[in-house]
Amino acid sequence: MPPILPSENIMFFLNSWYNVRKKYGECGQVIITSAVKQKNNPDMISIYIDNKYAFSMPKEEYLKLNLYERNELTEEEIKKIREEINITAAKHNGIRMLYSKDRTEFEVRQKLIRQGFDEDTAEGAVMQLKSMGYINDRLYAHKYISDRLKLKPKSKKALMYELQKKGINKEIITEVLDEFEIDESLVAYRITKKRFSKYDISDPLIHRRIVSFLTHRGFSYEIINNVIKQLMQ
């Protein structure tokens, strides 16, 4: 049976485990008062302790642990659910999202947190995904820059800004950018000529549009002025 993946609106185990420890830590065991299938995701089971929601877990794991035959859990068992089952579920979610598109370490971590995983669980899943080769920020940056230069060229400054927004370390971005021989003046000239070749460059309105066009793509005023001079020759 394939692993059951948690729904995005689920609240996972760390906060719930903290509440359980706070209330039941002295006795070492907790009483399961009910286990209910979630309405929005029947593959997830909501566990209630003392008639209060405590945590959720995949139905498959619930059955494997025979919890339907029990009414008690030890602290160690809840810890195992949190540290092993939850991280595994987050890792499978991460793999699924990475199959649909490439993502940075930061993007995967943030998406897992938005799905309801706590920060420690998301971090644990991300570390495993990195060790398995699913996440590699350096390779992501290299592919991103290569694609940008082919499809939508921008300045080094703009590429740096875009990759930093995706959470990639500045040092990694700098090293990857250095692997490309980017002539920013040539890039700026080519994209401007392609965009404005049919316009009168001497027109003040077109002049302002070129400045805005290149500024938005991160080029310096020195490069912009040189491009305009070249186009007016």
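The values are calculated or read from the model by the stated rules, or taken from the named source; none is laboratory data. Keep in mind that what you see is a predicted model, and the values were worked out from it rather than measured. Don't worry about glycine lacking a Cβ; one is built from the backbone with ideal geometry, like all the others, and counts go over all protein chains shown.
Structure summary
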| read-out | value |
| --- | --- |
| Residue match in the range 23-38 (condition: surrounded by 18 or more Cβ atoms within 10 Å (Cβ to Cβ), within 26 Å of the chain's Cα centre (by Cα) and at pLDDT 50 or above) | no |
| Of residues in the range 174-229 being among the polar types (S, T, N, Q) and farther than 23 Å from LYS150 by Cβ, the one farthest from the chain's Cα centre (by Cα) | SER202 |
| Cβ pairs under 7 Å, 6+ apart, first in the range 35-61 and among the acidic types (Asp, Glu), second in a strand (DSSP E or B) and modelled with pLDDT of 75 or more | ASP50/ILE31; ASP50/THR33 |
| Segments classed as helices (runs of 4 or more DSSP H), wholly inside the range 149-233, with at least 2 members that are closer than 30 Å to VAL108 by Cα | 156-165, 170-178 |
| Test: residue in the range 46-53 that is at pLDDT below 75, surrounded by 12 or more Cβ atoms within 10 Å (Cβ to Cβ), outside any loop (DSSP other than H, G, I, E, B) and in contact with a helix residue (DSSP H, G or I) (Cβ under 7 Å, 6 or more places away or on another chain) | no |
| Residue selected from the range 65-87 under the condition buried (at least 16 other Cβ atoms within 10 Å of the Cβ) and out of contact with any strand residue (DSSP E or B) (no Cβ under 9 Å at 6 or more places or on another chain), by the criterion modelled with the highest pLDDT | ILE87 |
| Only one of ASP102, ASP120 that is in a loop (DSSP other than H, G, I, E, B) and surrounded by fewer than 22 Cβ atoms within 10 Å (Cβ to Cβ) | ASP102 |
| Qualifying residues in the range 140-158 (those that are within 21 Å of the chain's Cα centre (by Cα) and either of a type outside the set (Gly, Ala, Ser) or within 24 Å of VAL211 (Cα to Cα) (or both)) - the one surrounded by the most Cβ atoms within 10 Å (Cβ to Cβ) | ILE145 |
| One residue from LYS193, LYS157, LYS165 being free of Cβ contacts under 8 Å to residues at least 40 places away in the same chain, under 30 Å from ASP102 (Cβ atoms) and not assigned by TED's automatic domain parsing to the domain that holds PHE106 | LYS165 |
